[in-house]
Amino acid sequence: MIARHLRARLKGWGGVGAMATACALALVFALVLACTGPPAGGPSRTTGQTVSHAARTQADEDCTAPEKQTLSPSDADGPTIEAIKNRRGEKRKLIVGVDQNSYRWGYRDPNSGESGTLEGFDIDLVHRIAEDILGDRDAVQFKAIPTDQRIPAIQAGRVDMVVRTMTINCARIKDVAFSAPYFKTGQQVLAPKSSPIKGYDETLADQEICTATGSTAYAKLETDKETGDLPASTDIRTTVPNQLDCLVRLQLGEVDAVVTDGALAASQAAQDPTVQLKGEAFTTEYYGVAMKKDADDLVRRVNRILVDFREDTTDGWQDAYTEWLSATLGDDSSESRPPAPEYLREN
């Protein structure tokens, strides 16, 4: 521990320190943005169909490919969308749980003035959904949601959906409904450049790793400790509410490495030149929009919006990738683009 504190004194924070501090402080506030945007348009192309709850329950129990356990796209309004549209006055907004400290995904730019505009890849997608459902891309109430509160916020009805680099997995689809995937990533190790850690391998022996509570990273580490695929001496006890807190602990020398989605880790490495990704991604995961389990009409609408988002050559998926992620993940987006979506078989 003494060695770690000494290392912390010697390690420079670089440009990320101020931003990390600002982002951590920002977690106590819920950001609300509202302004006027162009109305959404376009003809309906599909109609809603039903999938029985028994069929969906069976799909959950037989889960092997969670990214395929979603409903087919539809333009049709239903009770969930009608309830959103019937909100009156200033409350007529889409309520979305997001992050506001994940660089390039959902973050408040400290250089954008006092308002600290919320921006990033996930934020672009939220605006796209709001425009389609409410005719106004800025008819959104953003709520900052810690990693470990994403599912509780949905289940309690505090948000209509969560768009927050949330991995679709079999455990989560028991509690919430997901859209089709909108991004492909995988778990990776982030550590100081000077660290002897080489990746997700035996070099993690005797190392202390930080993960976010409730994250797929922690679940993977826990499983691999039990099966012996991770060295028995690897310490995985350090968990934090928000993933950025792991980067701060790494900078302070309180942990030796961070395990998180490679897409997030790349952004963090871009913030702090003293750390880097170690080794290749050791899982394949997909981000999805999470909603209430019974919000079938909203799930179908989001899936229809995602079809357009992926295909549009202007203001679509590729433009969002180029603007927000190419600087950290590279110009070639092919590894991050999810495959063509597959949906549950309709009854």
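When all alpha-carbon pairs of region 205-245 are counted, what percent fall beyond 12 Å? Could you put the intermediate results ahead of the total?
Working: 446 of 820 pairs.
Taking all Cα-Cα pairs of region 205-245, the fraction more than 12 Å apart is 54 percent.
Could you do me a favour and compute the accessible area per residue for region 97-155, 1.4 Å probe, result in Å²? Provide the component values of the computation, followed by the final result.
Numbers: 1830 Å² over 59 residues.
Here the per-residue accessible area is 31 Å².
Whole-Hz Karplus ³J(HN,Hα) for region 64-81, in order, using 6.51 cos²θ - 1.76 cosθ + 1.60 and θ = phi - 60°, x for Gly and Pro?
Once rounded to whole Hz, the list reads 10, 10, x, 5, 9, 8, 9, 8, 5, x, 7, 8, 5, 7, x, x, 5, 5.
Which one of GLY316, SER233, VAL275 is farthest out on the positive end of the charge dipole of region 214-347, using unit charges on Cβ (Lys, Arg +1; Asp, Glu -1) and the Cα centre as origin?
Among GLY316, SER233, VAL275, the one farthest towards the positive end of the dipole of region 214-347 is SER233.
Taking all protein chains in place and a 1.4 Å probe, what share, in percent, of the accessible surface of region 247-347 do carbon and sulfur account for?
Values: 1840 of 4060 Å².
The nonpolar share, carbon plus sulfur, comes to 45 percent.
Using modelled amide H (1.01 Å from N, peptide plane; none on Pro or chain starts), what sits under 5 Å from the amide H of PHE183, excluding residues fewer than 5 places away?
Close amide H contacts, sequence-distant or interchain: TYR287.
Compute the Rg to Rh ratio over region 111-264 from the alpha carbon atoms, using the Kirkwood formula for Rh, and round to two decimal places. Walk me through the numbers before you get to the answer.
Numbers: Rg = 17.6 Å, Rh = 17.3 Å.
My calculation of the ratio gives 1.02.
So with the 1.4 Å probe, I'd like the accessible area per residue for region 274-347, rounded to whole Å². List each step's numbers first, then the result.
On the way: 3530 Å² over 74 residues.
Averaged over the residues of region 274-347, the accessible area is 48 Å².
Can you give the Rg to Rh ratio for region 293-347, taking only C-alpha atoms and Rh from Kirkwood? Don't skip to the end; give the middle numbers.
Numbers: Rg = 13.9 Å, Rh = 13.0 Å.
For region 293-347, the value is 1.07.
Can you work out the Karplus-derived ³J(HN,Hα) for every residue in region 164-173? Use 6.51 cos²θ - 1.76 cosθ + 1.60 with θ = phi - 60°, whole Hz, and x for glycine or proline.
Per residue, the Karplus-derived 3J(HN,Hα) values read 8, 6, 9, 6, 7, 9, 5, 5, 6, 6 Hz.
Keeping every protein chain present and rolling a 1.4 Å probe, give me the accessible area per residue for region 163-231 in Å².
Values: 2480 Å² over 69 residues.
In whole numbers, region 163-231 has 36 Å² accessible per residue.
Report in % the part of the accessible area of region 76-233 that belongs to carbon and sulfur, leaving out ligands and nucleic acids; probe 1.4 Å. Could the numbers behind the result be given before it?
On the way: 2680 of 6070 Å².
Of the solvent-accessible surface of region 76-233, carbon and sulfur hold 44 percent.
Got a sec to turn the phi values of region 251-256 into Karplus ³J(HN,Hα) couplings, 6.51 cos²θ - 1.76 cosθ + 1.60 with θ = phi - 60°, whole Hz, x for Gly and Pro?
5, 7, x, 7, 9, 9
Cβ under 14 Å from ALA139's Cβ, ALA139 left aside: what net charge do those residues give with Lys, Arg +1 and Asp, Glu -1? Please report the intermediate quantities before stating the final value.
Details: positive: LYS85, ARG87, ARG88, LYS91, ARG92, LYS93, ARG128, ARG137; negative: GLU90, GLU131, ASP132, ASP136, ASP138, ASP160.
Charge balance near ALA139 sits at +2.
Can you give me the long-range amide H partners of ASP109? Hydrogens built in the peptide plane at 1.01 Å from N, cutoff under 5 Å, separation of 5 or more residues or another chain.
Distant-sequence amide H within range of ASP109: THR117, GLU119.
Quick one: compute the contact order of region 111-186, relative version, from alpha carbon pairs under 8 angstrom and 6+ residues apart, as a percent.
21 percent.
Starting from the Cα of THR322, step 7 Å along the direction of its Cβ; do the same at LEU344; then give the gap between the two resulting points in nm.
It works out to 3.7 nm between the two label points.
Run the quick spin-label model on ASP332 and LYS91: label points 7 Å from Cα toward the beta carbon, then report their separation in nm to one decimal.
5.2 nm
List the residues, sorted by chain then number, that are 5 or more residues from THR260 or on another chain and whose placed amide H is less than 5 Å from its amide H.
So THR260 has HN proximity to GLN188, LEU190.
Determine which aspartates and glutamates satisfy two conditions relative to LYS293: a Cα distance under 13 Å, and not lying fewer than 8 residues away in the same chain.
Answer for LYS293, where 13 Å is the Cα cut-off: ASP60, ASP160, ASP175, listed by chain and number.
The values are calculated or read from the model by the stated rules, or taken from the named source; none is laboratory data. This is a predicted model, so every value here is computed, not measured. No Cβ is skipped: glycine too gets one built from the backbone with ideal geometry, and neighbour counts run over all protein chains shown. Just so you know, the surface numbers come from the protein's heavy atoms only, side chains and all, with ligands and any DNA or RNA stripped out. Shrake-Rupley method; radii C 1.70, N 1.55, O 1.52, S 1.80 Å.
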